[in-house]
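The next block holds one structure in the form of C-alpha cells; read it before the comments.
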Amino acid sequence: MITYRVTFATLFVCLVLGESSSRNDIVTYEEVEASKDNTTVYLIDVRQPCELTETGFIPGAINIPINKVEDTLKNFSPEDFSQKFQRSKPELDSVLVFYCTVGVRSAKAQQIALDLGYVNAKNYLGSWLDWRAKSNLVKTT
Ligand SMILES: *[C@@H]1O[C@H](CO)[C@@H](O)[C@H](O)[C@H]1NC(C)=O
C-alpha cells in the first residue's frame, strides 16, 4: 500500500513538473511583443550576422550567433559583454529568450544556456518566421 502511494506521488510530481516546465520555457509571439521594452528580458538572435542583414531582426534583439553563444555567456567579462552589446551581461536568473529562423538553433542555444546555469533560458519556438508573419514588419535596412 505504501509503495503504491509513493509511486503514485512520484508520478504525480513528474507530470506536474514536466507539464509546467514545457509551458514555461517556450515563448509565444505575444510574450515577445509584451517584453520588447522590458530591459530585464534579453531577446537573443542566434542567426549569423548576414542573415540579420538580409531579413532584419526583432527590435531590441542582440545578435549572438549560435556558434558563439557558449563562449559569450561563459567567458565574456561583464565589461566585454557591455562593450560589445551595449547592455549589461545577463545574470544567471535573467530571462533569456532565444530565436533563430525556425526555432531549431534557438533550442540548442537555450540548452547551452541552461547547462551554463541560466535557469530562465527560453526558446521563441516560432522564431523569425512567426514574428515576421504576425508583425506588420516593413524591412528598413
Ligand atoms: C519584465 O520581465 C520580467 C521577467 O519576465 C517580469 O518579472 C517583469 O514583470 C516584467 N516587467 C514589465 C514592466 O513588464
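Side notes on the structure shown:
- Note on the stretch 58-69: among residues that are more than 13 Å from Arg105 (Cβ to Cβ) and without any contact (Cβ under 8 Å) to a residue 60 or more places away in the chain, the one that is nearest to the ligand (Cβ to nearest atom) is Gly60.
- When Ser88, Ser106 are screened for being in contact with a helix residue (DSSP H, G or I) (Cβ under 9 Å, 6 or more places away or on another chain), within 16 Å of the ligand (Cβ to nearest atom), modelled with pLDDT of 95 or more and not hydrophobic (A, V, I, L, M, F, W, C), only Ser88 passes.
- For the stretch 85-94, the condition holds for no residue, the condition being that it is buried (at least 22 other Cβ atoms within 10 Å of the Cβ), closer than 15 Å to Val27 by Cβ and among the hydroxyl-bearing types (Ser, Thr, Tyr).
- Count of residues meeting criterion [within 25 Å of Leu125 (Cβ to Cβ), of a type in the set (D, E, K, R) and surrounded by 12 or more Cβ atoms within 10 Å (Cβ to Cβ)] in the stretch 58-84: 3
- Matching residues, the stretch 37-57, being within 16 Å of the ligand (Cβ to nearest atom) and either exposed (fewer than 15 other Cβ atoms within 10 Å of the Cβ) or under 13 Å from Trp128 (Cβ atoms) (or both): Asp37, Asn38, Thr39, Thr40, Leu43, Ile44
- Test: residue in the stretch 102-119 that is surrounded by 19 or more Cβ atoms within 10 Å (Cβ to Cβ) and touching a Cys at 6+ places or on another chain (Cβ under 8 Å): yes
- Pairs meeting the criteria (first residue in the stretch 112-132 and of a type in the set (Phe, Trp, Tyr), second residue part of a loop (DSSP other than H, G, I, E, B), beta carbons under 6 Å, at least 6 apart or on different chains) are Tyr118/Leu92; Trp128/Thr101; Trp131/Ile58.
- Within the stretch 6-36, if we keep just the residues that are at pLDDT 50 or above and exposed (fewer than 11 other Cβ atoms within 10 Å of the Cβ), the residue that is nearest to Phe85 (Cα to Cα) turns out to be Glu30.
The values are calculated or read from the model by the stated rules, or taken from the named source; none is laboratory data. Note that the structure is a prediction, hence the values are computed from the model and not measured. Quick reminder, even Gly has a Cβ in these numbers, built from the backbone with ideal geometry, and neighbours come from all protein chains shown.
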